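Okay, so here's the structure we're looking at.
The values are calculated or read from the model by the stated rules, or taken from the named source; none is laboratory data. Just so we're clear, the structure is a prediction, and the values are computed from it rather than from any experiment. Glycine also receives a Cβ, built like all others from the backbone with ideal geometry; neighbour counts cover every protein chain displayed.
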Amino acid sequence: MAGTGSRPNYEHRRRMHPRRPQTTLAERWALVDGIDVFYRESVNPPAARVMMHVHGFGLSGRYLLPTAERLADEFHTLVPDLPGFGRSGKAPNALDVPDLAHAAARFLDERGIEKATLVGNSMGCPVICEFAHHYPDRIERAVLVSPAGGIHNQPLARAIGQLSKDGGREPVKMVGVATPDYLRFGIPSTFKMFKALTQYPTLQRLLELHLPTLVVLGERDPLLPGSARVQEVASQTDSHVLIVRMEGAAHAINFSHPDELAHVIRLFMDDKPMVDHSDGMQHTQIYEVHRGVNHPPVQED
């Protein structure tokens, strides 16, 4: 893979963002296709599987940190702001889902990483599906949390209504995290990115996945269809997909239920049975909705 090469001077970025660290992870910069990309990484990366967290629409990786931090001692954890999002620089042209997938791959190139498990939320899930489509040998497993971008989120007015409803179901602290990201992303980028999402074959790509895939759905997520539609989609193929529903959770599960989500991801990574996690901020029932016939069998202790 591509080496790290010479590093540009990021002092100008630090002056532009004179803030205290927002995470227990190390805050760093990389140069990807001539764009300054901001990312967080395990302070002392363990000699373990690499896990990269991919953010959603208009947001940075900041809201993914509660879950990522809980896994950072067990996995070599990376949380980038993709080009055009968060603190990273903008691409000359607006990015679509394939562009973001390629940018994610080139970010891993820059870090010298050949293969990783990808954990996405919302728009990050189509990005992961596209990554798997183009780079099947570079993704170990996929974790799709609250996947968005399908027909259920169209047109834009409907999606805005769903997001508004979801806002009242998320922790109050999520507003302080999301608002600066949305303002920085901007209205023009919002319309361009939404159009790109409506043109993306989300369902087709999901059904094409041929690797162990965990889909986590929030019971109170207004951006997702009902259980019957989920079951209908899941049964369309002899898939590798394991679908889990989390009671009481809405859309931003990575932020609202980090203990529970990290617990589910650990079980998935080790092919353990899905059981409830009662040591988080609140007791949350976790139950399987669907287990594809090609998903790895459960490994009992």
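Observations
- Checked against (1) basic (Lys, Arg); (2) modelled with pLDDT of 95 or more; (3) over 21 Å from ILE253 (Cα atoms), ARG141 passes all but a single condition, namely (3).
- Exclusive hit being in contact with a helix residue (DSSP H, G or I) (Cβ under 8 Å, 6 or more places away or on another chain), modelled with pLDDT under 90 and surrounded by 19 or more Cβ atoms within 10 Å (Cβ to Cβ), set ILE265, ILE286: ILE286
- Applying the condition of being at pLDDT 95 or above and charged (D, E, K, R) to region 75-97 and asking which residue is farthest from PRO126 (Cα to Cα) yields ARG87.
- Count of region 9-51 residues which are modelled with pLDDT of 70 or more and either closer than 24 Å to ALA91 by Cα or of a type outside the set (Lys, Arg) (or both): 29
- Here VAL216 meets the list (1) over 19 Å from LEU118 (Cβ atoms); (2) modelled with pLDDT of 85 or more; (3) of a type in the set (A, V, I, L, M) almost entirely, failing just condition (1).
- Residues located in region 171-200, provided they are hydroxyl-bearing (Ser, Thr, Tyr) and outside any helix (DSSP H, G or I): TYR200
Residue by residue, here is whether (1) within 22 Å of ILE139 (Cβ to Cβ); (2) in a strand (DSSP E or B); (3) of a type outside the set (Gly, Ala, Ser); (4) free of Cβ contacts under 8 Å to residues at least 24 places away in the same chain holds:
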position	(1), (2), (3), (4)
ALA48	yes, no, no, no
MET51	yes, yes, yes, no
GLU74	yes, no, yes, no
LEU78	yes, yes, yes, no
LYS90	no, no, yes, no
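- Of all residues in region 234-248 being modelled with pLDDT under 75 and within 13 Å of LEU211 (Cα to Cα), the one that is farthest from the chain's Cα centre (by Cα): ASP238
- Count of region 40-56 residues which are buried (at least 23 other Cβ atoms within 10 Å of the Cβ) and either hydrophobic (A, V, I, L, M, F, W, C) or within 11 Å of the chain's Cα centre (by Cα) (or both): 6
- Qualifying residue in region 166-174 (condition: buried (at least 20 other Cβ atoms within 10 Å of the Cβ) and modelled with pLDDT of 95 or more): no
- Number of the condition not met by SER6 [criteria: (1) more than 19 Å from PRO180 (Cβ to Cβ); (2) modelled with pLDDT of 85 or more; (3) in a loop (DSSP other than H, G, I, E, B)]: (2)
- Failed item, numbered, when LEU223 is tested on (1) crowded, with 20+ Cβ neighbours inside 10 Å; (2) of a type outside the set (Gly, Ala, Ser); (3) outside any helix (DSSP H, G or I); (4) at pLDDT 75 or above: (4)
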